[in-house]
Amino acid sequence: MAATDVLGSRSGKKYIEQKYIDRVLMDEGQNMLRAQDKVISRYNVKKLIPEITRRRISVSSGRLTLTHPIRERFIDMKTIRGQRQKAIQLHNKVLYSHFNSIVGRLAYGFTEDVRNLIAKDQKIHL
């Protein structure tokens with residue numbers, strides 16, 4: 001089956017909705033990384049976790065994937081193995097605050113203007 005047949009068989013509305021979801025996820029993923037970068041520079045986390053610079057995001061089929069070093073998860077904790085440490089709110093606070101933003105944008109941000117803009121960008125006739 002040719003690519004034009006596949007695209008022709010898809011519903012234009014569903015394709016536009018999927019593009020909107022992917023855009024929202026990519027935008028919020030970039031915002032997550034920027035917010036984490038602020039915390040990393042403020043608390044000089046690169047000394048604790050040198051591999052922190054290898055964080056990245058990817059979006060495919062409506063799924064946002066954040067790849068990070070496993071040690072990033074433990075920097076939020078106040079106690080590790082019975083020893084107290086200063087908790088640096090790098091992971092949970094940042095991710096869950098952006099999660100709420102994603103939910104809000106997906107629930108209320110897909111207006112007719114946005115739909116028409118994406119259709120125009122993708123050259124889809126509604």
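The values are calculated or read from the model by the stated rules, or taken from the named source; none is laboratory data. In this text, all values refer to a predicted model and were calculated from it rather than measured experimentally. All Cβ positions, even for glycine, are placed from backbone atoms using ideal geometry, and neighbour counts span all protein chains on display.
Points worth noting:
- Qualifying residue in the stretch 52-60 (condition: of a type in the set (A, V, I, L, M) and more than 20 Å from the chain's Cα centre (by Cα)): no
- Residue under evaluation Ala87, criteria (1) among the hydrophobic types (A, V, I, L, M, F, W, C); (2) under 16 Å from the mean Cα position of the chain (by Cα); (3) not in a helix (DSSP H, G or I), criterion not met: (2)
- Top-ranked residue in the stretch 38-66 [being free of Cβ contacts under 8 Å to residues at least 24 places away in the same chain and surrounded by 16 or more Cβ atoms within 10 Å (Cβ to Cβ); ranked as farthest from His98 (Cα to Cα)]: Ile52
- Residues satisfying the stated conditions in the stretch 90-110, i.e. at pLDDT 90 or above and not in a helix (DSSP H, G or I): Gly109, Phe110
- If you go through the stretch 72-87 and keep only what is at pLDDT below 85 and either in contact with a helix residue (DSSP H, G or I) (Cβ under 6 Å, 6 or more places away or on another chain) or surrounded by 10 or more Cβ atoms within 10 Å (Cβ to Cβ) (or both), you end up with Arg73, Phe74, Ile75, Asp76, Met77, Ile80, Gln85, Ala87.
- Helices (runs of 4 or more DSSP H) (entirely within the stretch 1-66) containing at least 2 residues that are at pLDDT 85 or above: 12-43, 45-48
- Cβ-Cβ under 8 Å pairs, at least 6 apart or on other chains, the stretch 79-99 side polar (S, T, N, Q), far side not in a loop (DSSP other than H, G, I, E, B): Gln85/Thr79; Gln89/Val39; Gln89/Asp76; Asn92/Asp76; Ser97/Ala35
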